[in-house]
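The values are calculated or read from the model by the stated rules, or taken from the named source; none is laboratory data. Source: prediction; values computed, not measured. Glycine gets a Cβ as well: all are built from the backbone with ideal geometry, and neighbour counts include every protein chain shown. The accessibility values were calculated without ligands, DNA or RNA, using every heavy atom of the protein model including side chains. Shrake-Rupley method; radii C 1.70, N 1.55, O 1.52, S 1.80 Å.
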Amino acid sequence: MSNEIELKLAVTPEIADQFSQILSDFHILKQDKLFLGNIYYDTADRYFAQHKMGLRVRSENQQFTMTLKTNGNVTGGLHIRPEYNFPLNSAQPDVAVLQQIDNIDLPTDLKLAPIFSTDFTRQVWLIECAKHTEIEIALDRGEIKANGQIEPICEIEFELKSGELQDLFTFVANLSFVDGVRLSSVSKAKRGYQLAQGDLPKVIDWIEKWRDFLHSKQTAVNSQQILTALLAYEQQLIEETMQFGINFFAQEFIKTVERIGTFFNLYHYYVDNGHLIQTVFEQQNQQVDQSVVIEIVENNQYLFEQIGQIIGLHSESKDNQLAMQKLNDLLHQGQYVRRMLNLIKLTVN
């Protein structure tokens, strides 16, 4: 077993096309390009999905590997999760090998069936970005397929192979992204399950979700727990907005108002509680510079002002599509990514 530590960015095809040039200024230890075919398996009652695990068999140059990814932690776009890898002689998963894994209690009558597939081309770079720090970068472009439905894959994963976690944050934050990029907390496996399910889930009641956050704030042990809960709320809100798409919320005036209003309330809270960031910084024992706090506070103020302008534009024009597009553009700014990375720095020990 090993712990996989990575950051994931969802990017536009334009960013993907430019990415090799973006990396040209860094010390590249090695690079490669390969095609990966993956089939994800589960039981009829979705045992692995219910337990927040993913089981896949990967094909690479006629070599097969079975991987079981278990439930881990996701903060913003930072994924930390244990995984088990086993070489196979064929593309069929080996149930007997899975049953031998310690600390995981699998059903004795495990019957597996293919649920969905992910096929993509992967460009890989191993980068040395600091003393004793190496980061493997993978640009994946391809498709998720389930029940005749297809979704595109266009994302970049940054996996910490050696060194300090803070070096990973710093490296990604310093990349020359302007727009067309956002942190993603949704794995290919989760997207595959959603596609296999067929229907979009019910839209979250964000008023009730906000009440849950305020309750967790009252019971939190320290300010770091409050900020962690707030960041989780924000990332889930972003992921749902991207999952349903701007056209869904632009269908009705009230849907547009509610979605933009939810972001407004979030940024308003950040601005009204600016001391929260400073308090977390002072309570942390890690090496985070004071400039990080200043940058977060300034970015929160910027977002609050921008979302206010979008609300004003929508109120005057009644143009749902334009307002949602403005929101979408805001969420895909490189500045937004750097802000989220700074927030993660304060919430991850």
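Taking (1) over 15 Å from I127 (Cα atoms); (2) open to solvent by 30 Å² or more (accessible area, probe 1.4 Å); (3) outside any strand (DSSP E or B) in turn, F35 satisfies each apart from (3). Looking only at segment 21-32, filter to residues that are assigned to a strand (DSSP E or B) and of a type in the set (A, V, I, L, M, F, W, C); which one of those is least open to solvent (accessible area, probe 1.4 Å)? Checking each candidate, the answer is I28.
So, of the residues in segment 282-298 that are exposed (fewer than 15 other Cβ atoms within 10 Å of the Cβ) and farther than 23 Å from G334 by Cβ, which turns out to be modelled with the highest pLDDT?
Going residue by residue through segment 282-298, those that are exposed (fewer than 15 other Cβ atoms within 10 Å of the Cβ) are 282-283, 285-287, 289-291, 294, 298.
Still in the running and farther than 23 Å from G334 by Cβ: 282-283, 285-287.
Details: E282: 88, Q283: 84, N285: 62, Q286: 63, Q287: 66.
Restricting to residues being exposed (fewer than 15 other Cβ atoms within 10 Å of the Cβ) and farther than 23 Å from G334 by Cβ, the top hit is E282.
Determine whether A113 is open to solvent by less than 30 Å² (accessible area, probe 1.4 Å) and at pLDDT 90 or above.
Working: open to solvent by less than 30 Å² (accessible area, probe 1.4 Å): no; at pLDDT 90 or above: yes.
Taking the combined requirement at face value, the residue does not satisfy it.
Within segment 243-267, residues that are under 12 Å from V203 (Cβ atoms) have Cβ atoms under 7 Å from residues that are in a helix (DSSP H, G or I) and β-branched (V, I, T) in these pairs: F249/T256; R259/T241, counting only partners at least 6 apart in sequence or on another chain.
Condition test on T108, is it assigned to a strand (DSSP E or B) and either touching a helix residue (DSSP H, G or I) at 6+ places or on another chain (Cβ under 7 Å) or surrounded by fewer than 16 Cβ atoms within 10 Å (Cβ to Cβ) (or both)? Criteria not met by T108.
Can you name every residue in segment 174-199 that is open to solvent by 20 Å² or more (accessible area, probe 1.4 Å) and of a type in the set (S, T, Y)? S176, S185, S187, Y193 - these are the residues of segment 174-199 that are open to solvent by 20 Å² or more (accessible area, probe 1.4 Å) and of a type in the set (S, T, Y).
From the list K217, K209, K202, K255, exactly one residue is basic (K, R) and loosely packed, with under 13 Cβ neighbours inside 10 Å. Which is it? Quick ask: steps written out before the conclusion?
Details: K217 fails: loosely packed, with under 13 Cβ neighbours inside 10 Å; K209 fails: loosely packed, with under 13 Cβ neighbours inside 10 Å; K255 fails: loosely packed, with under 13 Cβ neighbours inside 10 Å.
Being basic (K, R) and loosely packed, with under 13 Cβ neighbours inside 10 Å holds for just one of K217, K209, K202, K255, which is K202.
Note on segment 127-173: residues that are open to solvent by 20 Å² or more (accessible area, probe 1.4 Å), touching a Cys at 6+ places or on another chain (Cβ under 9 Å) and either among the acidic types (D, E) or not in a strand (DSSP E or B) (or both) total 3. Out of T241, T279, one residue alone is surrounded by 15 or more Cβ atoms within 10 Å (Cβ to Cβ) and within 25 Å of R191 (Cβ to Cβ). It is T241.
Looking at (1) at negative phi; (2) assigned to a loop (DSSP other than H, G, I, E, B), which is the only condition Q18 fails? Looking at each condition in turn, Q18 falls short on (2). Take N3 and tell me if it is within 19 Å of the chain's Cα centre (by Cα) and either over 21 Å from E155 (Cβ atoms) or open to solvent by 80 Å² or more (accessible area, probe 1.4 Å) (or both). In short, yes. The set of residues in segment 154-186 that are touching a His at 6+ places or on another chain (Cβ under 7 Å) and farther than 12 Å from T133 by Cα comprises D179, G180, V181, R182. Report yes if some residue within segment 328-336 is among the aliphatic types (A, V, I, L, M), out of contact with any Leu (no Cβ under 6 Å at 6 or more places or on another chain) and at pLDDT 95 or above; otherwise report no. So far as segment 328-336 goes, yes, one or more of its residues are among the aliphatic types (A, V, I, L, M), out of contact with any Leu (no Cβ under 6 Å at 6 or more places or on another chain) and at pLDDT 95 or above. Residue count for segment 320-341, restricted to those that are farther than 15 Å from V181 by Cα and either open to solvent by 10 Å² or more (accessible area, probe 1.4 Å) or not in a helix (DSSP H, G or I) (or both): 3. For beta carbons closer than 9 Å, sequence separation of 6+ or different chains, a first residue in segment 173-192 that is on the phi > 0 side of the Ramachandran plot and a second that is small (G, A, S), the qualifying pairs are G180/G334.
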